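Read-outs throughout are calculated quantities, based only on the coordinates presented, and are distinct from any laboratory measurement. Note that this is a predicted model, so its numbers are computed, not measured. Cβ: placed from backbone, ideal geometry, glycine included. Neighbour counts: every protein chain shown.
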Amino acid sequence: MTSRPLHAVLLPPQAAGPRLLEALAAAIDGSGPAILPIDPTLPRARIDELIAAFAPSTLETAEDSQRLSRASRGGLAGPGVPDEVAVVLATSGSTGLPKGVELPGAALVASAAASLARLGAAPGERWLGCLPLHHISGLGVLVRSLLAGSAPVLRDRVDAGVVARDSTDAARCSFVSLVPTQLRRLLDAGAPLDGFRAILLGGAAIPPGMLAEAAVTGARVVTTYGMTETCGGCVYDGIPLDGVRVASGADGRIRVSGPVLFSGYRLAPELTRAALEDGWFVTSDLGEVTQAGGLVVRGRADDVIISGGEKIVAGEVEQVLRGCPRVREAVVVGAPDPDWGERVTVMIVAADDAGPPSLDDLRAYVRDRLPRYAAPQAMVVVGELPMLASGKPDRQLIRAQVARRAG
């Protein structure tokens, strides 16, 4: 098997966009090396860990492109990637060192083409990019722009002013990809969301009522499900993109197949073998496929809480709590308990800071909608949830805070 070098790009946000767009185009058409975008906001020690784990051939910094030497990296500069791989992305996992997901150029193109087709996008229509480019959500905007033959508008952040300008000016953006936290803030700020032809929304659970609230503003929101290993969203509004198949195994885990799949994890063949079974990617999510072929996601398999012998899917409890009028945001985790094994614990942001709900209020709300054992046994109220750069709750930090603060 032939291989190609892996080029790491570590640039500040204002320089990363144009450079990554250029490098990505060369990586996909085969005229340049595969690329490894690295988050420039990480602590230096974490960056060194990633470089050591993924062993790129070269590293591009703001100063210049420099070849990794044995002296500077202790001999850890590793082998190339398989020739079909165009991009390696570090997963945004909240625990442990991220895995390096190898994405073939053909898979990135298949994903972008299927996305543009489902959205009915015309050639030349522009995308607003306001998600990190070292995540698949942000990088996907670049790939779709390359296929559409358009120049993406890249912003470090998104607010009502950005939306008003980039969705309504003469060279307006037709599409944008957001996470629920961003959409929540835009709705609260009264941003003119009806200027976009479509808003892709994914990356985290969507609170009840948010889609209806967005629809009132005239926004067309398309919900997405996917992950780095599927080149981002591969299921739109519950329906797989063209060429994508989904299934639910005997273990309840969602499985995905099709042309959008990754080819393996960087320098981790044992992890690759565990994740890929006969052409299917075995996800960490629990879900069901309806008779009509739609996908219903229940939550993450690794977020199942076992309390008193009962299995509780944290994501289902979260979804119920987010529908409570007195709760703005909620994350449910399992906290160690000497008697029950784990206790269902919720961290919430109250809808009204002056009058947060009590634990008894939340228990009653959940018991009316789920089995009694799913009701939270402890609660922590915060002003803001700890978040990862990807827009997902930082569950590792939340568990640590819950362990310290929950009674």
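For ALA292 and ALA117, what does the FRET efficiency come to when R0 = 22 Å and r is the distance between their Cβ atoms, rounded to the nearest 0.05? Present the calculation step by step, with values, prior to reporting the outcome.
On the way: r = 20 Å, r/R0 = 0.92.
So, using R0 = 22 Å, E works out to roughly 0.60.
Summing +1 for each Lys or Arg and -1 for each Asp or Glu, what net charge is found among the other residues whose Cβ lies under 15 Å from the Cβ of VAL366? Mind showing how you got there, number by number?
On the way: positive: ARG322, ARG326, ARG343, ARG363, ARG367, ARG369, ARG372; negative: GLU310, GLU316, GLU318, ASP360, ASP361, ASP368.
Local charge sum for VAL366: +1.
Is the range 200-269 rounded, prolate or oblate when judged by the Cα gyration tensor, a ≥ b ≥ c being the square roots of its eigenvalues, rounded requiring a/c under 1.5 and prolate requiring a/b larger than b/c? Spell out each step's value before the answer.
On the way: a/c = 2.28, a/b = 2.06, b/c = 1.10.
Prolate, since a/c reaches 1.5 and a/b exceeds b/c.
Rounded, prolate or oblate: which fits the range 341-394 when a ≥ b ≥ c are the square roots of the eigenvalues of the alpha-carbon gyration tensor, with rounded for a/c under 1.5 and prolate only if a/b beats b/c?
Details: a/c = 2.22, a/b = 1.37, b/c = 1.62.
Oblate, because a/c is 1.5 or more while a/b does not exceed b/c.
How many nm separate the modelled label positions at THR58 and SER31, each set 7 Å beyond the Cα in the direction of the Cβ?
Distance between label points: 1.5 nm.
Cut-off 18 Å, label point 7 angstrom out along Cα-to-Cβ of GLU310: give me the residues of the range 352-396 whose amide nitrogen falls inside.
So the set is 359-379.
When the chain is fully extended, how far beyond the present Cα-Cα distance does VAL382 get from VAL349, taking 0.36 nm per residue of separation? Kindly include the intermediate steps, with their values, before the conclusion.
Numbers: separation 33, 0.36 × 33 = 11.88 nm, distance 0.54 nm.
Difference between extended and current length: 11.3 nm.
Given the -39500 (n - 2.57) contribution per DSSP H run of 4+ residues, what per-residue ellipticity at 222 nm results for the chain, rounded to the nearest 500 deg cm²/dmol? It would help to have the intermediate numbers written out before the result.
Numbers: 12 runs with 119 residues, N = 407.
Mean residue ellipticity, 222 nm, calculated: -8500 deg cm²/dmol.
ASP156 to ARG44: FRET efficiency via 1/(1 + (r/R0)^6), r the Cβ-Cβ distance, R0 22 Å, to the nearest 0.05? If you can, show how the numbers build up before the last one.
Working: r = 21 Å, r/R0 = 0.95.
My answer for the efficiency is 0.60.
Out of (1) 22.2; (2) 20.3; (3) 21.3, which label holds the value of mean projected area of the Cα convex hull in nm² that was computed here?
Correct label is (3).
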